[in-house]
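J.: Pasting in a structure now, in C-alpha coordinates, and then I'll have a few things to ask.
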Amino acid sequence: MSDKQYPHPILAREGWPFIAIALALALVVNGAAGWAWALPFWILLVFVVQFFRDPARPIPQDPKAVLSPADGRIVAIEPVRDPWLDRDTVKISVFMNVFNVHSNRSPVDGEVKQRWYHPGQFVNAALDKASVENERNALHIRSRDGHDITCVQVAGLVARRILCYVESGAKLSRGQRYGFIRFGSRVDLYLPVGTRARVTIGDKVSASSTILAELP
(Lines give C-alpha, C1' and ligand atoms only; values in the text may rest on other atoms or scores of the structure.)
Protein backbone atom coordinates (compact mmCIF):
# COMPACT_ATOMS: atom_id res chain seq x y z
CA MET A 1 0.00 0.00 0.00
CA SER A 2 1.30 3.46 -0.85
CA ASP A 3 1.16 6.48 1.44
CA LYS A 4 -1.96 8.44 0.47
CA GLN A 5 -2.38 10.28 3.77
CA TYR A 6 -0.45 13.34 2.59
CA PRO A 7 -0.48 14.77 -0.93
CA HIS A 8 3.28 14.58 -1.38
CA PRO A 9 4.60 17.34 -3.61
CA ILE A 10 8.07 15.69 -3.35
CA LEU A 11 9.27 18.62 -1.21
CA ALA A 12 7.81 19.11 2.28
CA ARG A 13 5.59 22.15 2.69
CA GLU A 14 7.62 23.15 5.77
CA GLY A 15 10.60 23.72 3.49
CA TRP A 16 9.03 25.89 0.82
CA PRO A 17 10.01 29.24 2.43
CA PHE A 18 13.59 28.04 3.04
CA ILE A 19 13.92 26.76 -0.52
CA ALA A 20 12.57 30.04 -1.90
CA ILE A 21 15.03 32.10 0.18
CA ALA A 22 17.99 29.91 -0.82
CA LEU A 23 17.02 30.10 -4.50
CA ALA A 24 16.61 33.89 -4.34
CA LEU A 25 20.03 34.32 -2.71
CA ALA A 26 21.71 32.12 -5.33
CA LEU A 27 20.06 33.99 -8.20
CA VAL A 28 20.89 37.44 -6.78
CA VAL A 29 24.55 36.61 -6.13
CA ASN A 30 24.84 34.84 -9.48
CA GLY A 31 23.44 37.88 -11.28
CA ALA A 32 25.52 40.42 -9.35
CA ALA A 33 28.88 38.67 -9.04
CA GLY A 34 28.88 35.69 -11.35
CA TRP A 35 28.67 31.92 -11.09
CA ALA A 36 31.91 31.43 -9.12
CA TRP A 37 30.82 33.71 -6.26
CA ALA A 38 27.35 32.19 -6.30
CA LEU A 39 28.56 28.57 -6.10
CA PRO A 40 28.31 28.34 -2.26
CA PHE A 41 24.73 29.60 -2.46
CA TRP A 42 23.84 27.00 -5.12
CA ILE A 43 25.35 24.33 -2.87
CA LEU A 44 23.25 25.68 0.01
CA LEU A 45 20.16 25.44 -2.20
CA VAL A 46 20.91 21.78 -3.00
CA PHE A 47 21.33 21.03 0.71
CA VAL A 48 18.05 22.73 1.63
CA VAL A 49 16.17 20.91 -1.15
CA GLN A 50 17.52 17.50 -0.09
CA PHE A 51 16.75 18.20 3.57
CA PHE A 52 13.10 19.00 2.85
CA ARG A 53 12.44 16.16 0.41
CA ASP A 54 9.36 14.20 1.47
CA PRO A 55 8.83 11.05 -0.61
CA ALA A 56 5.78 8.82 -0.45
CA ARG A 57 6.54 5.39 0.99
CA PRO A 58 5.07 1.86 0.88
CA ILE A 59 3.23 1.04 4.12
CA PRO A 60 3.13 -2.56 5.48
CA GLN A 61 -0.35 -3.44 6.71
CA ASP A 62 0.40 -6.19 9.27
CA PRO A 63 -1.77 -5.10 12.25
CA LYS A 64 0.92 -6.12 14.75
CA ALA A 65 3.71 -4.26 12.94
CA VAL A 66 5.12 -1.07 14.47
CA LEU A 67 6.45 1.06 11.63
CA SER A 68 9.38 3.43 11.86
CA PRO A 69 8.13 6.98 12.59
CA ALA A 70 11.21 8.50 10.95
CA ASP A 71 14.13 7.93 8.62
CA GLY A 72 17.48 7.38 10.31
CA ARG A 73 19.58 4.93 12.31
CA ILE A 74 18.62 2.79 15.32
CA VAL A 75 20.53 4.03 18.37
CA ALA A 76 18.66 2.33 21.24
CA ILE A 77 16.69 -0.86 21.90
CA GLU A 78 16.27 -1.37 25.62
CA PRO A 79 13.82 -2.04 28.47
CA VAL A 80 13.08 1.28 30.20
CA ARG A 81 10.43 3.05 32.22
CA ASP A 82 8.17 5.20 30.05
CA PRO A 83 8.49 8.69 31.63
CA TRP A 84 5.19 9.82 30.11
CA LEU A 85 2.86 6.95 31.08
CA ASP A 86 4.91 5.63 34.03
CA ARG A 87 5.06 2.00 32.88
CA ASP A 88 7.63 -0.62 31.90
CA THR A 89 8.30 -0.62 28.17
CA VAL A 90 10.63 -1.53 25.33
CA LYS A 91 12.23 1.63 23.96
CA ILE A 92 13.39 1.91 20.34
CA SER A 93 15.05 5.14 19.23
CA VAL A 94 15.70 6.42 15.70
CA PHE A 95 18.36 9.12 15.20
CA MET A 96 17.97 11.44 12.20
CA ASN A 97 20.97 13.30 10.81
CA VAL A 98 20.68 16.33 8.54
CA PHE A 99 20.70 14.13 5.42
CA ASN A 100 17.63 12.09 6.41
CA VAL A 101 14.01 12.83 5.52
CA HIS A 102 12.58 14.66 8.55
CA SER A 103 8.83 14.26 8.25
CA ASN A 104 7.42 12.07 11.05
CA ARG A 105 4.82 9.36 10.44
CA SER A 106 2.49 7.43 12.72
CA PRO A 107 3.89 3.98 13.65
CA VAL A 108 0.43 2.37 14.01
CA ASP A 109 -3.27 2.81 13.35
CA GLY A 110 -4.81 4.38 16.43
CA GLU A 111 -6.09 7.37 18.36
CA VAL A 112 -4.08 10.10 20.04
CA LYS A 113 -5.12 9.94 23.70
CA GLN A 114 -2.82 12.69 24.97
CA ARG A 115 -0.11 15.07 23.83
CA TRP A 116 2.66 16.59 25.95
CA TYR A 117 5.23 19.25 25.10
CA HIS A 118 8.35 19.71 27.23
CA PRO A 119 10.90 22.51 26.67
CA GLY A 120 14.51 21.56 27.15
CA GLN A 121 18.08 21.65 25.91
CA PHE A 122 19.56 20.89 22.50
CA VAL A 123 22.32 18.32 23.12
CA ASN A 124 23.34 15.83 20.43
CA ALA A 125 20.22 13.76 19.67
CA ALA A 126 22.34 10.62 19.21
CA LEU A 127 23.06 10.59 22.96
CA ASP A 128 20.74 8.76 25.38
CA LYS A 129 20.42 11.81 27.63
CA ALA A 130 18.69 13.68 24.79
CA SER A 131 15.54 11.65 25.58
CA VAL A 132 15.26 13.28 29.03
CA GLU A 133 17.06 16.61 28.64
CA ASN A 134 16.14 17.94 25.19
CA GLU A 135 13.07 19.77 23.95
CA ARG A 136 10.49 17.12 23.09
CA ASN A 137 6.91 16.50 22.04
CA ALA A 138 5.19 13.23 23.03
CA LEU A 139 2.06 11.52 21.77
CA HIS A 140 0.22 8.75 23.62
CA ILE A 141 -1.30 6.64 20.85
CA ARG A 142 -3.69 3.77 21.58
CA SER A 143 -3.64 1.27 18.74
CA ARG A 144 -6.83 -0.23 17.34
CA ASP A 145 -6.22 -3.43 19.29
CA GLY A 146 -5.70 -1.58 22.57
CA HIS A 147 -1.91 -1.29 22.85
CA ASP A 148 -0.51 1.93 24.32
CA ILE A 149 2.43 3.45 22.43
CA THR A 150 4.30 6.63 23.31
CA CYS A 151 5.91 8.35 20.31
CA VAL A 152 8.29 11.18 21.21
CA GLN A 153 9.81 13.77 18.87
CA VAL A 154 13.12 14.96 20.35
CA ALA A 155 15.01 18.06 19.19
CA GLY A 156 18.75 17.74 18.53
CA LEU A 157 21.94 19.77 18.55
CA VAL A 158 20.96 21.71 15.43
CA ALA A 159 17.19 21.24 15.53
CA ARG A 160 15.32 24.24 16.86
CA ARG A 161 11.75 23.53 15.84
CA ILE A 162 9.48 20.59 16.54
CA LEU A 163 6.25 20.65 14.53
CA CYS A 164 3.27 18.47 15.49
CA TYR A 165 -0.07 18.71 13.70
CA VAL A 166 -2.29 16.49 15.86
CA GLU A 167 -3.91 16.80 19.29
CA SER A 168 -5.82 14.51 21.66
CA GLY A 169 -8.67 12.75 19.89
CA ALA A 170 -7.01 12.67 16.48
CA LYS A 171 -7.32 9.40 14.55
CA LEU A 172 -4.07 8.30 12.88
CA SER A 173 -3.48 5.74 10.17
CA ARG A 174 -0.17 3.90 10.03
CA GLY A 175 2.27 5.91 7.92
CA GLN A 176 0.20 9.09 8.21
CA ARG A 177 2.32 12.21 8.35
CA TYR A 178 1.81 13.99 11.70
CA GLY A 179 4.86 16.20 12.25
CA PHE A 180 8.28 17.45 11.24
CA ILE A 181 11.54 18.29 13.04
CA ARG A 182 13.89 20.79 11.45
CA PHE A 183 17.61 20.03 11.14
CA GLY A 184 18.65 16.82 12.94
CA SER A 185 16.85 15.05 15.79
CA ARG A 186 15.47 11.70 17.01
CA VAL A 187 12.20 9.89 17.68
CA ASP A 188 11.74 7.58 20.69
CA LEU A 189 9.09 4.86 20.76
CA TYR A 190 7.98 3.34 24.09
CA LEU A 191 6.30 0.02 23.31
CA PRO A 192 4.46 -2.54 25.50
CA VAL A 193 6.43 -5.21 27.34
CA GLY A 194 6.48 -8.33 25.14
CA THR A 195 7.03 -6.37 21.94
CA ARG A 196 9.60 -8.09 19.71
CA ALA A 197 12.15 -5.83 17.99
CA ARG A 198 12.69 -6.48 14.28
CA VAL A 199 15.74 -4.22 14.03
CA THR A 200 19.15 -4.03 15.71
CA ILE A 201 21.41 -1.18 16.84
CA GLY A 202 22.96 0.57 13.86
CA ASP A 203 20.30 -0.46 11.34
CA LYS A 204 19.20 2.20 8.86
CA VAL A 205 15.44 2.57 8.70
CA SER A 206 12.90 4.38 6.54
CA ALA A 207 9.77 6.11 7.81
CA SER A 208 6.59 4.08 7.23
CA SER A 209 8.23 1.31 5.21
CA THR A 210 10.55 -0.27 7.82
CA ILE A 211 8.97 -2.51 10.47
CA LEU A 212 10.67 -1.75 13.80
CA ALA A 213 8.86 -4.27 15.97
CA GLU A 214 5.89 -6.60 16.41
CA LEU A 215 3.36 -5.94 19.15
CA PRO A 216 2.58 -8.79 21.57
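The values are calculated or read from the model by the stated rules, or taken from the named source; none is laboratory data. Being a predicted model, the structure only gives us computed values, none of them experimental. Cβ atoms come from the backbone with ideal geometry, glycine included; neighbour counts cover every protein chain shown. Areas reflect the complete protein model, heavy atoms only, side chains present, ligands, DNA and RNA absent. Shrake-Rupley method; radii C 1.70, N 1.55, O 1.52, S 1.80 Å.
J.: If residue 188 satisfies all but one of (1) acidic (Asp, Glu); (2) open to solvent by 30 Å² or more (accessible area, probe 1.4 Å); (3) at pLDDT 90 or above, what's the number of the condition it fails?
T.: (2)
J.: Any idea which residue in region 124-161 is nearest to residue 190 (Cα to Cα), counting only those that are β-branched (Val, Ile, Thr) and modelled with pLDDT under 85?
T.: Applying the filter and picking the extreme gives 132.
J.: Return the pair list, or none, for Cβ contacts closer than 7 Å from residues in region 9-27 that are more than 13 Å from residue 51 (Cβ to Cβ) to residues that are open to solvent by 40 Å² or more (accessible area, probe 1.4 Å) and in a helix (DSSP H, G or I), at least 6 apart or on different chains.
T.: 25/41; 26/41; 26/42
J.: Condition first: out of contact with any Leu (no Cβ under 7 Å at 6 or more places or on another chain), in a loop (DSSP other than H, G, I, E, B) and open to solvent by less than 10 Å² (accessible area, probe 1.4 Å). Now tell me which residues in region 60-84 satisfy that.
T.: 70
J.: Okay, next question. Within region 85-107, work out how many residues are open to solvent by 10 Å² or more (accessible area, probe 1.4 Å), of a type in the set (A, V, I, L, M) and in a strand (DSSP E or B).
T.: Looking only at that region, the number is 1.
J.: Cβ-Cβ below 6 Å, separation at least six or inter-chain, first residue in region 98-121 and closer than 16 Å to residue 185 by Cβ, second of a type in the set (Gly, Ala, Ser) and open to solvent by less than 30 Å² (accessible area, probe 1.4 Å): which pairs?
T.: 98/184; 100/72; 103/12; 104/70; 104/179; 105/175; 105/207; 105/208
J.: Next up: What single numbered condition from (1) within 20 Å of residue 201 (Cβ to Cβ); (2) at pLDDT below 95; (3) open to solvent by 10 Å² or more (accessible area, probe 1.4 Å); (4) not hydroxyl-bearing (Ser, Thr, Tyr) fails to hold for residue 41?
T.: With respect to (1) within 20 Å of residue 201 (Cβ to Cβ); (2) at pLDDT below 95; (3) open to solvent by 10 Å² or more (accessible area, probe 1.4 Å); (4) not hydroxyl-bearing (Ser, Thr, Tyr), residue 41 is out only on (1).
J.: Please go through region 7-38 and pick out each residue that is under 30 Å from residue 57 (Cα atoms), modelled with pLDDT of 90 or more and open to solvent by 100 Å² or more (accessible area, probe 1.4 Å).
T.: Listed by number, the list holds a single entry, 21.
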